[in-house]
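*Asks:* Encoded as C-alpha cells, here's the structure I'll be asking about.
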Amino acid sequence: MSEDAKSEEDFVYGKVTCFGDKGFISREVIDHYKLRDNPQIWSVGVKEVWQVNEDYAGKVWHTLGYPLLDGTFGGGFVYGMKDKRLTIGMVISLDSKDPNMNPQQKLQDYKKHPFIQEMIKGGKLLKYGAALLPEGGYYSLPKKFYVPGAILLGDALGVLDVKNLAGIDRSMECGYVAAKVLHDALVKGDTSEAALAPYQKELESGFVIKEAYKNRYFRWAFMSNPKLLGQYLPDIAKSVDKTNAWVGMLKVGFKNPFGAPVDGVTSLSLIEGTRDIGPIKYEADCKHIVPNFTAPKYDEPPYDKATIYSRPDAVFFASTKYHEGNEHIDEFNSDTCVKCISKYEGLGKTTPCVADCTAEVHRIDIIDDLRKHGMSLENCIHCRTCEIVCPEVNLRVKPTSQGSGPDFLGL
C-alpha cells in the first residue's frame, strides 16, 4: 500500500477490521459513529530497561508517592527480568494540574531515590520508551464495541483495569472473543453488523467488563477528593523517609481529626465499589491543567549522576528510525500555538506540549521575532502525550508509514 493511494491497486479491503490501537486510528471510528459520550482519560507510561550487576529476576515492586507529591495520580514500578536486566518506570496521569510535569524528568527523579539507586548504580541503560494507557475504565467504554465492518478491542476499547494493574490479559480476552465471533461470521458468510453483536454480549458477560464495572469508581475516588494525593499522601511519604508510614498516618489524623477519617471511608467505598453514586462524567485531561500551577519542592536525595539522563540523551535509547516524509503530527493552527506559547511564557512556564513531551520533539523557534512552535519529528516515540495535554486541542498524532518510529523490541 502506498501512503497516498492513487489507484484501486493501492487499497486492501477487509470484511472486518479489528482496531486495538491507543487512538491513532480507532478514534476516527469512535468519533464518526459517536460511540463515546464520556471522554477517555489517559496516563503516560515512561520506562527504561537497565543491565545491572545483581540478579533481580522475578521480583516486582510497585510504588506510590515520590516523586509524585503534587496531587498527580500515578506511581512507579520495578520489574526484575532474566539476564540481570531491570525494567524501571512510572505511570503518570495526564489529568495533572501541572503544565510542566515532564514525565521523562519525573522518571529520572524516581531513579534518584536510594532504593532505585542501589539497584542501578554501576549499571547500563539499554532501552527507553513511552506509551499511553487508557484509565477511564467502565464509564469511558464506547456505547457499542462494534460498527459496520469493524470491531474495537484492547486499548481502542479501553479495557485497562487500573485498580488491578491489569491490561494485557483484558486485551487478549478481547482478541479471543473477537476471533471466535469473526470465525463464526466468516464461516456463515455473514459479516453484517448484526453478526458482530455477539462480540459485545460475550465481553459484557465475561470477566473483562464485569471487573471494569466493579472497579468503575477507582479513578473517580482520587479525582473527587484531591486531598488524598495532594495532602495526605505527601505527609505519609515524608514520614516514611524520616520514621515510618504509621507516624505519617497519625499526623494526618491529628491535622484533620474529623475530615481525614471521613475522606478515608468515603474514598475506600468508591475504590472497593461498595457504594453506587451512578454514572460519572469525566473532563478531557487538558481541562485539568492550571497554567500558573507551582509544584511543591522536595529535598533531592544524593545520587550517581551517571544514572540520570536528559531528555535528548534518553531519546537515543528509543532507537527511532524514520523514512523521509513522515509528517505524522498535525498542527492545525500555527497562530493558536503562538498565543499558547506567549500565555505560558508570561506565567514563567513552558507550553505543555514542549514541557511534557517524553522525547525531544516539540520546541520553540524564534522566527521573525515571534516565538513559534516547531517539531523534530525524527525524535518522536509515538506516545501521543502532546496531543492529550495540548490545552488548545491543536495537535493530532497520526500513525507513521513504512514502519517508521521507535524500536519497541526489548521494552
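*Asks:* Being closer than 25 Å to L229 by Cβ and among the charged types (D, E, K, R) is true for just one of E9, E48, E28. Which residue is that?
*Replies:* Working: E9 fails: closer than 25 Å to L229 by Cβ; E28 fails: closer than 25 Å to L229 by Cβ.
Result: E48 is the single residue among E9, E48, E28 that is closer than 25 Å to L229 by Cβ and among the charged types (D, E, K, R).
*Asks:* Of E378, E392, which residue is part of a helix (DSSP H, G or I) and surrounded by fewer than 17 Cβ atoms within 10 Å (Cβ to Cβ)?
*Replies:* Working: E392 fails: part of a helix (DSSP H, G or I).
Step by step, each of E378, E392 is checked, and only E378 is part of a helix (DSSP H, G or I) and surrounded by fewer than 17 Cβ atoms within 10 Å (Cβ to Cβ).
*Asks:* Within region 270-287, which residues are part of a loop (DSSP other than H, G, I, E, B) and under 30 Å from T350 (Cα atoms)?
*Replies:* Looking only at region 270-287, we keep the residues that are part of a loop (DSSP other than H, G, I, E, B), and these are 272-284.
Listed by number, the residues that qualify are K281, Y282, E283, A284.
*Asks:* What's the total number of residues in region 141-158 that are more than 20 Å from G74 (Cβ to Cβ), in a loop (DSSP other than H, G, I, E, B) and either touching a Ser or Thr at 6+ places or on another chain (Cβ under 6 Å) or aliphatic (A, V, I, L, M) (or both)? Talk me through it step by step, then tell me what you get.
*Replies:* Here is the first cut: in region 141-158, the ones more than 20 Å from G74 (Cβ to Cβ) are 141-154, 156-157.
If we keep only those that are in a loop (DSSP other than H, G, I, E, B) too, we end up with 141-145, 148-149, 153.
After this cut, where a residue has to be either touching a Ser or Thr at 6+ places or on another chain (Cβ under 6 Å) or aliphatic (A, V, I, L, M) (or both) as well, the list is 141, 153.
The total comes to 2.
*Asks:* What number of residues within region 120-142 satisfy the criterion of being in contact with an Asp or Glu (Cβ under 7 Å, 6 or more places away or on another chain) and surrounded by fewer than 22 Cβ atoms within 10 Å (Cβ to Cβ)?
*Replies:* Counting residues in region 120-142 that are in contact with an Asp or Glu (Cβ under 7 Å, 6 or more places away or on another chain) and surrounded by fewer than 22 Cβ atoms within 10 Å (Cβ to Cβ) gives 3.
*Asks:* If you check K59 against the conditions, is it surrounded by fewer than 14 Cβ atoms within 10 Å (Cβ to Cβ), touching a strand residue (DSSP E or B) at 6+ places or on another chain (Cβ under 7 Å) and modelled with pLDDT of 95 or more? Full working, then the answer.
*Replies:* On the way: surrounded by fewer than 14 Cβ atoms within 10 Å (Cβ to Cβ): yes; touching a strand residue (DSSP E or B) at 6+ places or on another chain (Cβ under 7 Å): yes; modelled with pLDDT of 95 or more: yes.
When the stated conditions are applied, K59 passes them.
*Asks:* So which of V338, V290 is at negative phi and part of a helix (DSSP H, G or I)? Before you say what the answer is, go through the steps one by one.
*Replies:* Details: V290 fails: part of a helix (DSSP H, G or I).
So the residue among V338, V290 that is at negative phi and part of a helix (DSSP H, G or I) is V338.
*Asks:* Would you mind finding the one in S26, S43 that is touching a strand residue (DSSP E or B) at 6+ places or on another chain (Cβ under 7 Å), more than 29 Å from T307 (Cα to Cα) and buried (at least 20 other Cβ atoms within 10 Å of the Cβ)?
*Replies:* Details: S43 fails: more than 29 Å from T307 (Cα to Cα).
Checking each option against the conditions leaves just S26.
*Asks:* Counting only residues that are in a loop (DSSP other than H, G, I, E, B) and hydrophobic (A, V, I, L, M, F, W, C), which one in region 16-46 is nearest to V397 (Cα to Cα)?
*Replies:* F24
*Asks:* Here's another thing I want to ask about it. Picking from L133, L153, L165, which residue would you name as being among the hydrophobic types (A, V, I, L, M, F, W, C) and farther than 30 Å from Y13 by Cα?
*Replies:* Values: L133 fails: farther than 30 Å from Y13 by Cα; L153 fails: farther than 30 Å from Y13 by Cα.
When all the criteria are applied, what remains is L165.
*Asks:* Another question, if that's okay. Assess whether N102 counts as being over 30 Å from Y199 (Cα atoms), touching a residue at least 12 places away in the same chain (Cβ under 8 Å) and over 24 Å from the mean Cα position of the chain (by Cα). Can you show your working first?
*Replies:* Values: over 30 Å from Y199 (Cα atoms): yes; touching a residue at least 12 places away in the same chain (Cβ under 8 Å): yes; over 24 Å from the mean Cα position of the chain (by Cα): no.
No.
*Asks:* Another question, then. Identify, by number, the condition in (1) free of Cβ contacts under 8 Å to residues at least 24 places away in the same chain; (2) part of a loop (DSSP other than H, G, I, E, B); (3) among the acidic types (D, E) that D313 doesn't meet.
*Replies:* Going through the list (1) free of Cβ contacts under 8 Å to residues at least 24 places away in the same chain; (2) part of a loop (DSSP other than H, G, I, E, B); (3) among the acidic types (D, E), D313 breaks only (2).
*Asks:* Let me ask something additional. Within region 179-222, which residues are touching a helix residue (DSSP H, G or I) at 6+ places or on another chain (Cβ under 6 Å), more than 14 Å from E272 (Cα to Cα) and part of a loop (DSSP other than H, G, I, E, B)?
*Replies:* Selection gives T191 alone.
*Asks:* Also, I was wondering about something else. Would a scan of region 280-300 turn up a residue that is exposed (fewer than 12 other Cβ atoms within 10 Å of the Cβ), without any contact (Cβ under 8 Å) to a residue 12 or more places away in the chain and more than 30 Å from F222 (Cβ to Cβ)?
*Replies:* Taking every residue of region 280-300 in turn, none turns out to be exposed (fewer than 12 other Cβ atoms within 10 Å of the Cβ), without any contact (Cβ under 8 Å) to a residue 12 or more places away in the chain and more than 30 Å from F222 (Cβ to Cβ).
The values are calculated or read from the model by the stated rules, or taken from the named source; none is laboratory data. Just so we're clear, the structure is a prediction, and the values are computed from it rather than from any experiment. Using ideal geometry, Cβ is built from the backbone for each residue, glycine included, and neighbour counts are taken over all protein chains shown.
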